[in-house]
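Following: one structure in structure tokens, then a few remarks.
The values are calculated or read from the model by the stated rules, or taken from the named source; none is laboratory data. Source: prediction; values computed, not measured. FYI the Cβ positions are ideal-geometry reconstructions off the backbone, even for glycines, and counts take in every protein chain you see. We work out accessible area using only protein heavy atoms, side chains counted, and drop any ligands, DNA or RNA first. Shrake-Rupley method; radii C 1.70, N 1.55, O 1.52, S 1.80 Å.
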Amino acid sequence: MPESASSHIGFYRSGLTSPEHRRFVTVGRDHLIQDTLESLRKNAGRSTKHHALFIGLRGMGKTHLLSRIEDEIAADTTLAAHYHVVRFPEESLRTLSFADFLLGMVEILAATCPAETAWQTLLERLRGEEDDIKVVDTLVPAIRRSNEEHKRTLIIMLENMGEVFTRQMKNPREVAALRKFLMESKNHCLLLGTATMSFEGLTSVDEPFYDFFDIQHLDHLSEEDSTALVRRTLEWEKRDDLLAQWDTLYPRLIALYRMTGGSPRLTVMLASLIARDSVIEVRDQFRKLLDHITPFFQDRLNTIAPQERALLETMATMRDMDKTPASIAARMRKKVTHISTLLKRLTELRLLRSTIHPDDKRVRRYDISEGFFDLWLYMNVSRGARDRLPFLLDFFASFYPSYLEREKKRAELFTHSSTPEKQSNCLLALDTLSEVGLPPERARAKLFLASAYAKTGHAEDASQLLSEAIAQPIDRMGSWIVRSAAATPYPDYLTEIQELITLWDEHRTGNLEGFVRLMCEMGDTFEPHAYSLAKLQFLEVHLEEVPAGKERTRLRLQLGSLHQGLAHWQTAEVHLRYALLECESESDHLLLSTALNNLAHLLYVTNRLEEAEEPMRRALKLAEASYGPDHPTVAIHLNNLAQLLQATNRLEEVEEPMRRALKIDEASYGPDHPTVAIRLNNLALLLQDTNRLEEAEEPMRRALKIDEASYGPD
């Protein structure tokens, strides 16, 4: 869906958004903002200053955090009276010395405090001054006097401090001069900084800024916060079209979360993909994003040592492998102790996350924190992989997380592949999806693609894909389904086998309750035509997968009815008698009544009328005990018994159950219901058969009148 011209979806830069927007979309950082503001309130007017440093990887929202703090200071009259924000640009490339830092402050003050004309005058006078000492000696007293005069503290916001302290202000004396300036309480300056990671200037006791800052870490967003960020962004953008589909989009948000690892910037950049349901379009968008995000990730790599970069790239190539210190060391040809040190360092930097190995509690497994960073590294290492777009496979497996969703997407592509103008793209999309997931997933995806090729006349391609599906290492149930499909070479086979695939999915993922339910539903909706006979065979073969109990009994009853409908009398009777035996051991009288009734009906239609009477009367008795003597279900059993008695020419016994059935249905449905018409007609025929023609006319005319009113005269 197109975005509006003013949409900021895909961007996370403070200059493009308003304070209201920033406040609305903030998630997962409120505690840091409130803690900082509380500290400012507590120390307003005091000489004590609590300088803070927020450390987080690029994309963690450090710039946004500073903007929120700045917004809250401006909105709070008490804070605004005590503090003035001096915010350096995100990339302060001109800050190469302490003098440059002071000139930067003056330039910002000249822009943000136009009424204080002295700043512009000082800036014009000193901008070209080559003597740093003269600049410092002039500006430090000027800043001090101004702050004392206005009774304020300057909150200096400086980003990328690691870059400034280690690569720009290379002279330690310059860094020491900055620290001295900030430590002087009479200068009334407080520093709020950000850095992508910890650096030597903070950790070495010999460095000026050792133990200087209150350090706070910005971690990745949680799954809940990441999802909330997208929702709030869509709400702000008034994307009602997307919000109306929120339940549908939610699984895709989880896919994005797994891809981004909870990076706020990547979450917002990738959010535009949630509305796209085109595999080809998503693939193309990923290609563009891959190129767009490259500088972002390259910058991340530039902040770590060469051996750490090599380790990350090595881990990215270890697809589908346990990444333990030992396995990584073997791949890099290094000692385990050395690799363990690197892993610890990268974990501290939040570039890696570790978990205990499920098979050996003494060993830890490591993964790259952000899924997209992991995939970007892999694509960078393998140019061939870029052409094959393997990173999409992981994404689509999460983008369509349930089997039903994936089946829906494949069915949609399968339908469109019959249209010449869409055929190429649809087949390409199906081809991409055919490699998604574990072997069972790939096997079923290849069935979809094989069917698409078969429908478009590509018999050789279809045959090849079926061979690939058969070759997948899958379980007995999946193998039966795939081989059954491969043995049926006509184009429409997949339409008939989709139910079997859905059943297989439920069973394979451990959802036994769902599997049993769908098995029973298949029995309910079974239609004996064409390849549907495979469904019946499937139910026969895999009945043992359903645990003993009521559901299996119901399924046996369904199978009995299915075979009876196909005139498979012996097979039907076997199932019905097995079901009856199982019911006898259960305490469910209703299920036992159904089993007795079904068996009685089979015996009735196979002309074993004497055998049918006993189970039929038992079924009636159980129904009366379970529902009461006047329930519509009892009427059905009474009618069945009446039909049996009539068939055995015991006409004198027929009238009583027949009139009871009529009376129950009249009381249950009303005197003018179509079911009552059926009962009236049955009674009329009985009266006719017993030569009571005058009595037969009244119920016969009533039945006619009801049917004319219900269905119309024609």
Helix 609-627 vs. the chain, principal-axis angle (Cα, 0 to 90°, nearest 10): 50
Carbon and sulfur atoms account, in whole percent of the 1.4 Å probe accessible area of the stretch 103-238, for 46
For the chain, what is the mean residue ellipticity at 222 nm derived from helices alone (per DSSP H run of n ≥ 4: -39500 (n - 2.57); sum divided by total residues; nearest 500 deg cm²/dmol)? -21000 deg cm²/dmol
At most 14 other Cβ within 10 Å, DSSP loop - trypsin sites (Lys or Arg not before Pro), the stretch 72-181: Arg94, Arg127, Lys151, Lys170
As straight-line cross-link partners of Lys344, the qualifying aspartates and glutamates (C-alpha separation under 13 Å, not fewer than 8 residues apart within one chain) are Glu308, Asp367
Over the chain, with neighbouring protein chains present, the accessible area per residue in Å² at probe 1.4 Å is 48
Cα extents of the stretch 431-471 per principal axis, largest first, Å, are 28, 18, 11
May I ask which of Lys409/Lys535; Lys361/Lys446; Lys621/Lys663; Lys335/Lys361 have a Cα-Cα span longer than 27 Å here? Lys361/Lys446
Just want to confirm a number: the relative contact order over the chain, from Cα pairs under 8 angstrom separated by 6+ residues, in percent. 8
Report the per residue volume, in Å³, of the convex hull enclosing the C-alpha atoms of the stretch 33-135. 134
Work out the FRET efficiency for His589 and Thr248 from their Cβ-Cβ distance, taking R0 = 30 Å, and round it to the nearest 0.05. 0.10
Per residue, what volume in Å³ does the convex hull of the Cα atoms of the chain enclose? 258
Mind giving me the FRET efficiency for Glu148 and Lys408? R0 is 56 Å, r the Cβ-Cβ distance, nearest 0.05 is fine. 0.20
How would you order 298-309, 660-671 from highest to lowest mean count of nearby Cβ atoms within 10 Å? 660-671, 298-309
